[in-house]
Amino acid sequence: MSDHEPDHNPHVAHHYETEKQQFESGKLGMWVFLVTEILLFGGLFCWYAIYRANHPEVFIYASRYLDKVLGGINTIILICSSLTMAWAVRAAQMGNNKLVVRMILVTLLCACGFLGIKAVEYNHKLNAGLTPGRHYAPRHEEQAGADPAVVDPASAAGDANPPVAPPDDDKSLIAPAARGPEGLNLGEEKAQGEQVPDNVALFFSIYWVMTGLHGLHVLAGMGVMIWLLLRAKRGEFGPHNFLAVDCGALYWHVVDLVWIFLFPLLYLID
Amino acid sequence: MANDMTGISMLAQSDGRFWMPDAASTSAAEVDWVFSFIFWISAFFFALIVFLMLFFVIRYRWRKGQETKAMPNSNLTIEIIWTAIPFLVVATIFWVAFRAYMKLTVPPSNAYEIQVVGQKWKWLFEYPNGWVDDRLHVPGDRAILLTMRSEDIIHSMFIPAFRLKMDVVPGRYSKIWFKATKNGTFDIYCAEYCGTGHSDMTTQIVVHAPGGYERWLREASSLLSPTLRIQDLTDAAALARKIKSGTDPVSEFIRTSLTDAGTAGINAWNGSSEPNDALKALLISEINTILKGASIYDPERFASVTVAAETAALMEKNPEGEDQVQLNRFLLSDAMPDFFTRGPDMVEAGRYIYERKGGCASCHTLDGNANVGPSFLGIYGRSRDLEGGETITVDENYIRQSIIEPQAKVVLGYKDRSVMPTYKGRLSDREIGAIISFMKSAEVTGNEK
Amino acid sequence: MTTSLPVEHGAEPTGTEDNYLTCDRGIKSWIFTLDHKRIGVMYLIFTMGSFLLGGVFALLLRTELLTPQKTIMDADTYNQMFTLHGAVMVFLFIIPGIPAAMGNFVLPIMLGAKDMAFPRLNLASLYLYVLGAVFAVLAIAMGGVDTGWTFYTPYSTETNTAVIPMTIGAFILGFSSVFTGINFIVTVQKLRPKGMTWFKMPLMLWSLYATAIIQILATPVLGITLLLLIIERALGVGIFDPALGGDPVLYQHFFWFYSHPAVYIMILPAMGIISEIISPFSRKHIFGYTFIAFSSIAIALLSFLVWGHHMFTSTQSPLASTIFSALTFSVAIPSAVKVFNWLATMFRGRLVLKTPMLWVLGFIFLFGIGGLTGLFLGALATDIHVHDTYFVVAHFHYTMFGGPVMAMMGGLFYWWPKFFGRMYKENWGRLSALLVFTGFNLTFFPQFIMGIRGMPRRYFNYPEKFEIFHQLSTIGSYVLAFGFLVVFFTLVHSLFRGKKAPANPWGSATLEWRCPSPPPHENFIEPPLVTDPYDFSILEYDEASDCYHLKPSAKLAEDGEVA
Amino acid sequence: MTTAGSSDAHLSHVHIVPPKVLLAVWGALLALTVVTVAVTTVDLGEFNLVVALLIATVKATLVALYFMHLRWDRPFNGVIFLIAIVTTFLFITIALLDSKEYQPTLDEGQAPGLVK
């Protein structure tokens, strides 16, 4: 689009004066964009903070249904991917496009591994009925048995006897006498005699939404990396032209940063 | 419109105030004071700004050949001054408003508590004795605490004359308090947008003169009560005579059941003059004591009395509580017809619940037009298709179930409309019975088109 | 740098070379343009289209309110109408209006840059704007939305209207706004040419920079809020649903954390425009430059601390309400400082009462009322009474209309010659400003009275005692609409019949007036000399071309300095 | 190697992180992850959360300083990053404060049948 003047540096767009100006603008722009990402997740962390402060028992009870080992492995995977991504930047700065390709490939592999493990976790949660909000219908204590008459036909199709949280259509049966803002979940005594706190579903809402949004960011990051990979294959990066790798890496590190907080906040509670 | 009204005076309110409406509570005076305080400060600054602006426009208007007069481009002193002055002004305003707010917010410990329920699109007020009404009645001589909750979404209780507003949020209680300073009727609005009927979610607050509130509450809450009220007496003299000198077993039973005060009162009466109010009240109280006691039925005692079918039917059910009282009243009425009415008018009571206490009218019309819920016109006894394919006849059982479990059997086509909350625990069996009576009445069943 | 055409500073461009409008032709050259000016013009067209749409909704609303009962529509339609009026005006018109439309056009030129830092991102923000608008239109087509523009839960999660498309639209528009903000920040930070120090920047740039800070920090929270609302509605996660242990008031915290600062996204650039116009039309240097500049930044930062003043009656805790009330008042101070400095700028000036200046005077009057009535709303005791009444409606129209719209119109008339190279009929412009001013006051002043007397907002049926005020207000809205019709005809007429505009018709000293009207593709034929943006002594009037030029002496001094 | 636009190889704005530093940070991050998990086996009551957050913050700082080059970058980029975090904190703190304050008013006896 721009007509370069004869002696204009080909790496510099027409409206920049110098390579440095262009590089720093790009970097600054990326950082400002990362600010918006942090605030986006900030809203979710606010959600988390408020409900954890108000219902700590829910978090203590429900977090044990998350698999610490899988979460830990994922943390390590992401840390490794951060390393390789930082290394890719180094390689790009030195113009070693082959190394860039290799490093990004490893990072991509890590991302795939992360999502693969996430998929295993999600699948387990789905099967166990540990789904968010009003879809919450845990199945791990099916034998506890609830009054079948309370179940409405729609949700009964999916799950025979949800013992903890009656589905929403039940509300009219119980409404005025129910348990208040904690909703209608009548923390029933479990067979083993352990008290299940009210509103366990809240934890899983938070879990799904936070990890879900994080997962979407991982996917987006993978898209960016594929684009970088193709460019590196063409040998495009060098000491004068590594801004794209640098910015891609910054984004990936933020994805890592979010997970660094998510892991202890969700998995390591009790 | 009165023809002598002109200009601004036409826009003023009936009491001559221009800005704030009628002030009828202790907090209104506080708020109005803060309002005027801010108003005059703002008016001053606004006048200053506009005056300067217009003055400059005229004084320094551009004319050919005139140059701008030299002047510095900034001046730290003046900047500090006009930063500091607004700071002081707003700090004062904050403080004044904060103090008034604290008085508004912290209720006195001895406040009289009334529960408020907001629901689409109706306010319901629950009085300490359990009576529920759609208008807020309060005694004028004491602090009132409203404890509010919502049945569905967020509403907001707004009483302009009291300068009060507080959201009513599902899942939590919100509270406001006030002490009225004027007797009369004032508007209540819903100030938080709540859908189709938002602007119809209005009612009134009635501030009673001393004693008036208690009287009103007694009257209102006896609407469905099977006990006897003064106005139920159709022939007080005949009743008194019967008790004083009747020879039938029922009269004798009553005479022997009288309290000492009752016996004394009856004996003091000359037996022929029209009973005065004191005697009437005494009679009512004595009879009510009997009504509230155990069943007065005894085959021997009622041997010569023709027991009505209605009475017999109720007796079959082995009634308890208020129905037991009602049974006693039926029995007494059978024994002494024409002296007092047989009980509250269930159709009228049903209408009251339909319009006010239950708030049915905001969703169910009587004119055949479907609103959020089906119209009640002609619905009783008709068969309706339900969501899910079933067909059902609208009978007493169905009506009762629909009130207690509204989602159990929804009429076809009403699934996606606004959802009716359950009335379980909010309406007594007797009240539901009244609604059914109302729906069975000629007015509501219509003349079968 | 290389030398380009040997044109004298300030010399009248020959008028033969291509400008940004003519350098490329065809629809594709617009759709794929990376030129900030073209993107600005397209934004201008779209935002004005949205303004028209929102205005039509407003007229329908006002007509409905002519009588206390049903007039022309039923309650549900009315509810959708005010929701759409609010959503369209806020998300599609005012928020992008000044920054994205005008800011896009003038920011790089005022700075002396060739373009925005990220032209592609700029274009992407326009695309997102259009996509967001498409979703909004989709929501209208799917039967509208009736939640109010605030989408308060739980109503928004249980109503049967098209909430999801509308919130997706607002979500996307948020991203559009973020992209604009990123561009503004980086452009101002990094693309300043030689000599353009922070304190030589025109005040418009300070306000746009402050605006961008808010866009960056607040908009993502709106994004996550709307996302959560969509998830809540679609999946029932329970975050805002009390029946599942959620908290509907939390939604309000989330929403106002964005939407209160958003108010300043609207007003800050407007204040920038006022500073830009008031100085040249007083023929005098702006007074208290640094205070105006820093008050913009102060407003931007303070705006994040006051969101809870929308929630005094929401069952927010009295403690939080008190803190928020105190902080709210702090925002009044920088705003007051600005107004005083503007007045001081006029003091002993030579006021030229041309159209842009009339809009500015209107702004000061209306924003004065808007700002001062804000005191009643920030104060705890009085807010309880007037919250959610017509008083609030009148207040925010005085600030949101009396502020940004008046300023935007002022800016439009001020920069119109620069945008399109044509002069409009001065008297028509003045008439339009007068009509809009009169109509606006007639529309909204009665609403203060109603509101104080207790008329709640968003009421379809209203008590008869308010009828006279509603009728006055409705009549006012028709006058207002007529005023805008005059604006429209004045400007469109100028495009076809207007006199050709000189480079600097008003005698302003900011850089955008040094390049030809309309500017060429890369804004400047050669790098402009950066001077004090409000020093008019370096200009001289040339009667022959009806244009202001740099004085040769100024030129020489600067040349000497540069050399 | 690809062509570089300019023959001048020295670019002031480029800082290449040495491999040793990268590996050291990586090692520290892994070690801290192990510590985080290990700490949960010790019951510190309320402090478990504090410790977990502290370790996470240290990890995040390491990533930001070294992997994200903030240590060598323009300070302004770090400042905006901090502003983002401060704003997030502000938001969470005030919202939390309010939520804690109104907790006691939450409705224990009645749950409205909020039915979709």
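No value in this document is a laboratory result; all are computed from the given coordinates. Remember, predicted model here, so these are calculated numbers, not experimental data. Cβ placement follows ideal geometry from the backbone for every residue including glycine, while neighbour counts extend to all protein chains displayed.
Per the Kirkwood formula applied to alpha carbons, region B:230-335 shows a radius of gyration over Rh ratio, Rg over Rh, of 0.97.
Give me the one-decimal Kirkwood hydrodynamic radius in Å for region C:206-288, with the sum taken over alpha-carbon pairs.
Evaluated over region C:206-288, this radius sits at 15.1 Å.
For region B:26-105, a/c is not less than 1.5, where a ≥ b ≥ c are the root eigenvalues of the C-alpha gyration tensor, and a/b does not top b/c. That puts it in the oblate class. Across region C:61-73, rounded Karplus estimates of 3J(HN,Hα) from the backbone phi angles (6.51 cos²θ - 1.76 cosθ + 1.60, θ = phi - 60°) give 4, 5, 5, 4, 7, 4, 10, x, 9, 4, 10, 10, 8 Hz, Gly and Pro being marked x. Once you have the Kirkwood Rh of chain C from its Cα pairs, apply Stokes-Einstein at 10 °C and 1.306 mPa s and quote D in µm²/s. For these conditions, the coefficient is 66 µm²/s.
Comparing B:Pro170, B:Pro72, B:Pro249 in a Gaussian network model of chain B where C-alpha atoms under 10 Å apart are linked, the largest mean-square fluctuation is found at B:Pro72. With a cut-off of 13 Å between beta carbons, the residues surrounding C:Leu66 carry a summed charge of -1, where Lys and Arg count +1 and Asp and Glu -1. Once you reduce region C:163-211 and region B:47-90 to the center of their Cα atoms, the two points are 31 Å from each other.
For region B:189-232, the Kirkwood radius over C-alpha pairs fed into Stokes-Einstein at 20 °C and 1.002 mPa s yields D = 159 µm² per second.
Taking the square roots of five times each eigenvalue of the Cα gyration tensor of region B:346-445, the equivalent ellipsoid has semi-axes of 19, 15, 13 Å, listed largest first. Principal-axis analysis of the Cα atoms of chain B puts helix B:76-105 at an angle of about 10° to the longest axis.
Taking the longest Cα principal axis of chain B as reference, the axis of helix B:236-245 is set at about 40 degrees.
Calculated on the Cα set of region C:149-190, radius of gyration then Dmax: 15.3, 48 Å.
Percent antiparallel among DSSP beta bridges with both residues in chain B, to the nearest 5?
Taking every DSSP beta bridge with both residues in chain B, the antiparallel ones total about 75 percent.
Just to confirm a number: summing +1 for Lys and Arg and -1 for Asp and Glu over residues other than A:Ala53 whose beta-carbon lies under 13 angstrom from that of A:Ala53, what do you get?
Local net charge: -3.
Taking chain B as a Gaussian network of alpha-carbon nodes connected by springs under 10 Å, the highest mean-square fluctuation of the residues B:Leu377, B:Leu54, B:Leu291 belongs to B:Leu54.
Compute the FRET efficiency between C:Leu131 and C:Trp30 as 1/(1 + (r/R0)^6), taking r as their Cβ-Cβ distance and R0 = 22 Å, and round to the nearest 0.05.
With a Förster radius of 22 Å, E is 0.80.
Rounded, prolate or oblate for region B:281-380? Axes are the square roots of the Cα gyration tensor eigenvalues, ordered a ≥ b ≥ c, and the cut-off for rounded is a/c under 1.5. Here region B:281-380 falls in the prolate category.
For C:Lys114, which lysines qualify as cross-link partners when the Cα separation must be under 25 Å and same-chain residues fewer than eight apart are set aside? Those lysines meeting the cut-off are A:Lys20, A:Lys27, C:Lys28, C:Lys37, C:Lys190, C:Lys194, C:Lys200, C:Lys418, C:Lys500, C:Lys551, C:Lys555.
Per-residue 3J(HN,Hα) values for region D:57-72, derived from phi via the Karplus relation 6.51 cos²θ - 1.76 cosθ + 1.60 with θ = phi - 60°, read 5, 4, 4, 4, 5, 4, 4, 5, 6, 9, 5, 9, 6, 4, 4, 10 Hz in sequence order (x marks Gly and Pro). In chain B, Cα pairs under 8 Å separated by at least six residues give a relative contact order of 11 percent. I'd like the projected area of region D:17-72, averaged over all directions, using the convex hull of its alpha carbons. Report it in nm² with one decimal. Average of the hull's projected areas for region D:17-72 equals 3.7 nm². How are the C-alpha pair distances of the protein assembly as shown spread across 20 Å bins, as whole percents from the shortest bin up? Result returned by the calculation: 9, 32, 33, 18, 6, 2, 0. Mean-square fluctuations from a GNM of chain B, with a 10 angstrom spring cutoff on Cα atoms, peak among B:Lys64, B:Lys424, B:Lys280 at B:Lys64. Excluding same-chain neighbours fewer than eight residues apart, the lysines reachable from B:Lys440 by a Cα-Cα span under 27 Å are B:Lys120, B:Lys122, B:Lys317, B:Lys357, B:Lys409, B:Lys415, B:Lys424, B:Lys449. With neighbour counts taken as other beta-carbon atoms within 10 Å, the residues C:Trp506, A:Trp87 rank, fewest first, as C:Trp506, A:Trp87.
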